[in-house]
């Protein structure tokens with residue numbers, strides 16, 4: 001299971017690597033107006049691909065939506081370790097959720113980098129996340145999940161210190177290291193959740209967890225915008 005999460009995370013992040021770089025090249029080549037039209041066309045293409053996918057079996061809904069959410073929250077509170085993990089991930093997202101956006105604004109505004117170079121930096125961060133996902137299934141593979149999660153949080157903490165440096169190169173390296181730590185953390189926490197949460201309530205409990213975790217990322221973006 002760890003290997004599966006590792007490969008999936010690495011493949012997903014590698015697919016994202018080209019995006020920022022291509023976006024920077026497109027902006028530099030055709031300008032913002034046509035770049036937005038090209039972006040809209042990609043959403044249309046995605047919609048057409050989605051319509052072409054084979055239809056699966058419609059799930060049977062046995063309970064009302066609100067009742068299922070209430071049951072999910074009760075299960076969430078009862079499962080040992082899951083509330084604590086959710087709190088830690090929410091706090092992490094509160095602090096680091098807006099870092100890619102801050103790097104974009106910093107590089108394009110304060111540093112005066114071109115859109116192409118900014119795209120390269122973001123793509124490098126995605127590559128770092130892919131590397132972290134790949135390493136997440138291999139570093140300390142025999143250690144308990146809790147220790148491996150702690151290892152990747154430590155990587156993120158060290159990387160955040162580098163973000164405070166006054167040198168552009170060190171900040172970029174810190175950003176890439178932070179993305180690598182996040183990739184490894186995603187693999188190890190996904191594995192932990194898979195083992196800790198019973199399959200019967202997995203969907204509902206994970207929905208509760210995502211509400212708190214993604215809420216932390218949203219608050220991070222709002223706080224960054226406010227500053």
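The values are calculated or read from the model by the stated rules, or taken from the named source; none is laboratory data. Just so we're clear, the structure is a prediction, and the values are computed from it rather than from any experiment. Positions of Cβ are generated from backbone atoms using ideal geometry, with glycine treated the same way; all protein chains shown enter the neighbour counts.
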Tell me, please, whether a residue that is more than 15 Å from the chain's Cα centre (by Cα) and closer than 28 Å to residue 102 by Cβ can be found in segment 175-192. no
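Based on this model, can you work out whether residue 58 counts as at pLDDT 80 or above, part of a loop (DSSP other than H, G, I, E, B) and at negative phi?
Here the answer is no, as residue 58 does not meet what is asked.
Please work out if residue 107 is part of a helix (DSSP H, G or I), under 16 Å from residue 177 (Cα atoms) and touching a helix residue (DSSP H, G or I) at 6+ places or on another chain (Cβ under 8 Å).
no
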Only one of 137, 174, 150 is surrounded by 19 or more Cβ atoms within 10 Å (Cβ to Cβ) and over 21 Å from residue 112 (Cβ atoms); which? 137
Flag if residue 118 is outside any helix (DSSP H, G or I) and at negative phi: no
Matching residues, segment 180-207, being surrounded by 21 or more Cβ atoms within 10 Å (Cβ to Cβ) and more than 17 Å from residue 88 (Cα to Cα): 180
With respect to the numbered conditions (1) more than 18 Å from the chain's Cα centre (by Cα); (2) at pLDDT 90 or above; (3) surrounded by 16 or more Cβ atoms within 10 Å (Cβ to Cβ), which one is the sole condition not fulfilled by residue 167? (3)
Consider residue 220 carefully, then state whether it is crowded, with 17+ Cβ neighbours inside 10 Å, part of a helix (DSSP H, G or I) and modelled with pLDDT under 85. yes
Boolean, residue 134 is in a helix (DSSP H, G or I), over 20 Å from residue 210 (Cα atoms) and over 18 Å from the mean Cα position of the chain (by Cα): no
The lone condition residue 140 fails out of (1) more than 15 Å from residue 24 (Cα to Cα); (2) in contact (Cβ under 8 Å) with a residue 12 or more places away in the chain is (2)
Condition test on residue 158, is it within 30 Å of residue 80 (Cβ to Cβ), touching a helix residue (DSSP H, G or I) at 6+ places or on another chain (Cβ under 8 Å) and free of Cβ contacts under 8 Å to residues at least 24 places away in the same chain? yes
